[in-house]
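Beneath this line is the structure, given in structure tokens, with notes to follow.
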Amino acid sequence: MSMPLGRLCLRPHASVQLSRFTSTSTDKSSTQALDGDFFALNKRISHLIRTGQIAQAREDFDRMEQRNVVTWNSMITGYVKRREMAKARKLFDEMPERDVVSWNLMISGYISCRGDRYIEEGRSLFDQMPVRDCVSWNTMISGYAKNQRMTEALQLFNRMPNRSVVSWNAMITGFLQNGDVVHAIEFFERMPERDRASLSALVSGLIQNGELDEAARILLECGNRDDGREDLVHAYNTLIAGYGQRGRVEEARKLFDQIPFSHEKGKEGNRRFERNVVSWNTMIMCYVKAGNIVSARELFDQMRERDTFSWNTMISGYVHASDMEEASSLFSKMPNPDALSWNSLILGYSQVGCLELAHDFFEKMPQKNLVSWNSMIAGYEKNEDFVGAVKLFARMQIEGEKPDRHTLSSVLSVSTGLVDLHLGMQVHQMVTKTVIADVPLNNSLITMYSRCGEIKQAHTIFDKMKLQKDVISWNAMIGGYASHGFAAEALELFALMKRLKVRPTYITFIAVLNACAHAGLVDEGRSQFKSMIREFGIEPRVEHYASLVDIIGRHGQLEEAMGLIKSMPFEPDKAVWGALLGACRVHNNVALARVAAEALMRLEPESSAPYVLLYNMYADAELWDDAAEIKLGDADRQQADSNEIARPDFQCLGLKKCSRVIIKYQ
DNA sequence: GTAGGGTTAG
């Protein structure tokens with residue numbers, strides 16, 4: 001039997017491949033099927049599918065006068081890759097003739113859809129197929145392994161006629177994914193032969209199970225046994241990264257030093273047990289993650305063959321250290337900066353507040369990708385240039401870039417910052433279309449809606465989250481109720497949260513105290529403050545004190561409030577004094593108001609608010625001499641009279657007009 | 001055209 005050379009050695013059951021070049025029954029003669037045009041057409045289809053142009057591929061496929069099994073299989077691959085199993089199945093059923101690959105493709109498609117229903121479908125095909133090759137068995141085994149069904153995986157493994165290295169590797173990965181370290185190691189030691197993936201699979205699986213030292217032991221053994229040399233570096237690199245991720249940098253370095261290092265040039269690679277570029281890069285990365293930029297740089301300077309990775313790791317290290325001088329100096333020396341290098345600079349400059357520089361790099365970079373857009377938009381948002389963020393978001397859509405969870409999260413924060421319900425709702429729609437059940441995004445939606453006053457809508461989202469709520473969801477919802485004066489709802493939700501054993505954080509208590517403040521619940525506020533400390537061991541922060549001062553002060557117990565301020569273990573901030581001043585205003589305590597106002601003036605000399613408030617109080621009490629001592633500018637006096645400041649209109653470009661914002665003095 | 005795996009940015 002003649003077989004295309006090169007395939008033979010990979011396929012123990014290669015004889016099933018016979019139908020490879022036979023034409024299908026509806027097609028013309030087989031001699032014609034072998035001409036150059038035909039191959040070109042098949043090649044074109046597979047190219048279209050590789051590049052994701054499935055619709056075009058299908059058009060070509062439908063137009064083809066003759067097809068062979070490869071044509072059909074290519075088309076099926078396209079649907080399988082997109083998990084469109086119904087379409088794949090339809091083609092599969094229509095095929096005039098199938099080979100092993102057709103069956104294997106379908107099985108692997110069903111398997112990667114996950115879910116038991118799909119596995120059963122794959123298994124049923126596996127059982128029906130006339131001849132199975134190595135790939136069929138391995139697909140099925142790894143399918144079971146990936147879905148935590150090791151019993152069935154093992155059954156197939158035992159029944160399998162000619163096991164390959166892949167079968168063993170799949171079993172090892174499967175055991176490790178199920179936390180079965182013992183069987184994984186046992187299988188690894190029993191393997192008749194290993195390839196470059198075997199050690200990698202074992203080591204990375206052991207790392208996932210937290211068995212780093214066990215992995216290190218096995219590696220040392222393999223090194224001593226002169227065994228598995230080909231991929232030993234590979235495995236060492238994996239383990240170095242594992243130690244690094246767990247902050248065990250010194251152990252990572254010990255492993256790095258264990259790898260032999262030759263000074264010969266151009267001999268690096270996986271074929272010899274010897275440090276390669278990845279080893280260096282990984283070690284540098286460990287230092288960067290640990291914040292040890294000096295050691296990272298030392299290694300970087302020692303390297304002979306730096307690649308893009310090395311440069312980018314180093315640049316991102318400086319970015320994390322907010323050292324933009326070094327970051328940009330490296331960038332300018334880098335031979336071929338890629339998108340990642342540019343993005344790191346954009347990120348770094350926005351991080352330190354240099355939006356113009358960040359934007360310069362953003363405009364100058366030759367090939368923007370999604371991360372570039374996201375970094376720039378997030379940069380605007382973090383620096384509170386909300387309008388800049390919205391403009392860029394609009395431009396992004398005009399230029400056809402699709403937003404993802406990161407984009408949407410930034411723009412949602414922007415909507416919240418602008419209190420722009422219209423924009424927020426647009427983003428909400430996009431979230432529904434592009435992301436499935438993302439907890440942080442849902443949390444941001446809750447915050448956005450409640451900040452915009454749509455507390456009902458916020459609650460709808462909160463409700464829909466069901467079991468996937470985290471503390472932040474609870475905090476957002478309780479905080480939303482609190483800030484809108486729904487104290488009963490806030491406290492009820494807080495009670496429910498505790499019943500469900502969700503541990504509150506200091507933020508939860510800010511919201512709870514805030515709710516009490518709004519509703520004038522003095523005793524409730526006091527007892528919540530106490531329970532925070534005693535039941536949950538949360539140290540009160542300045543925000544909690546400010547809230548409690550507000551609660552007590554507004555109730556008229558100004559002296560007690562003042563006492564609380566004096567008892568604070570840290571300096572009161574403007575919120576604390578502001579709360580006291582507000583309470584003094586309500587209860588007409590001019591003497592204490594003066595103390596609070598003066599403290600505020602020291603903390604924020606540029607703010608006119610305490611002056612205005614004190615002025616009004618003096619005026620009400622007809623203390624004209626005191627009032628005269630407060631020097632107000634004309635503008636401030638007008639404010640004192642009207643009690644309102646108006647901000648000019650502004651526009652969110654390309655999307656909508658925002659309404660006038662009025663800020664009222666309390 | 002199918003089965004198993006090392007390092008960088010939001």
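Observations
- At full extension, A:Ala488 and A:Asn224 could sit 88.1 nm farther apart than now, given 0.36 nm per residue minus the alpha carbon distance.
- Acute angle (nearest 10 degrees) that the helix A:370-382 long axis makes with the longest principal axis of chain A, alpha-carbon atoms: 10 degrees
- Kirkwood-based shape ratio for the range A:428-564, expressed as Rg/Rh from alpha carbons: 1.02
- Annotation: peptides A:603-611, A:208-216, A:579-587, ranked by per-residue average of other Cβ atoms within 10 Å with the highest first, follow the order A:579-587, A:208-216, A:603-611.
- Kirkwood-based shape ratio for the range A:59-106, expressed as Rg/Rh from alpha carbons: 0.93
- Counted by Cβ distance under 11 Å from A:Gly553, the other residues give a net charge of -1, where Lys and Arg count +1 and Asp and Glu count -1.
- Kirkwood hydrodynamic radius over Cα pairs of the range A:274-382, then Stokes diffusion coefficient at 4 °C and 1.567 mPa s, in µm²/s: 92 µm²/s
- Dimensions of the range A:420-485 based on its C-alpha atoms, expressed as ranges along the principal axes with the largest first, amount to 34, 28, 14 Å.
- Degrees, to the nearest 10: A:212-224 long Cα axis against longest axis of chain A: 30 degrees
- Beyond 30 Å in Cα-Cα separation lie the following of the pairs A:Lys289/A:Lys530; A:Lys464/A:Lys501; A:Lys289/A:Lys382; A:Lys456/A:Lys498: A:Lys289/A:Lys530.
- Debye, to nearest 20: dipole size of chain A, +1 on Lys, Arg Cβ, -1 on Asp, Glu Cβ: 2280 debye
- Three principal axis extents describe the C-alpha atoms of chain A; from largest down they are 112, 58, 53 Å.
- The range A:494-599 - charge dipole about Cα centre, Lys and Arg +1 at Cβ, Asp and Glu -1, debye rounded to 20: 380 debye
- Taking the helices alone, chain A has a mean residue ellipticity at 222 nm of -21000 deg cm²/dmol, built from -39,500 (n - 2.57) per DSSP H run of at least 4 residues and averaged over all its residues.
- Per-residue Cβ neighbour rank within 10 angstrom, fewest leading, A:Phe361, A:Phe309, A:Phe486: A:Phe309, A:Phe486, A:Phe361
- Nearest 10 degrees, 0 to 90: helix A:355-364 Cα axis against chain A principal axis: 30 degrees
- A prolate overall shape is assigned to the range A:348-457, the ratio a/c of its alpha-carbon gyration tensor axes (a ≥ b ≥ c) being 1.5 or greater and a/b exceeding b/c.
The numbers here are math on the coordinates, done by the rules we state, and not lab data. Note that this is a predicted model, so its numbers are computed, not measured. With ideal geometry, Cβ positions are generated from the backbone for all residues, glycine too; neighbour counts draw on all protein chains shown.
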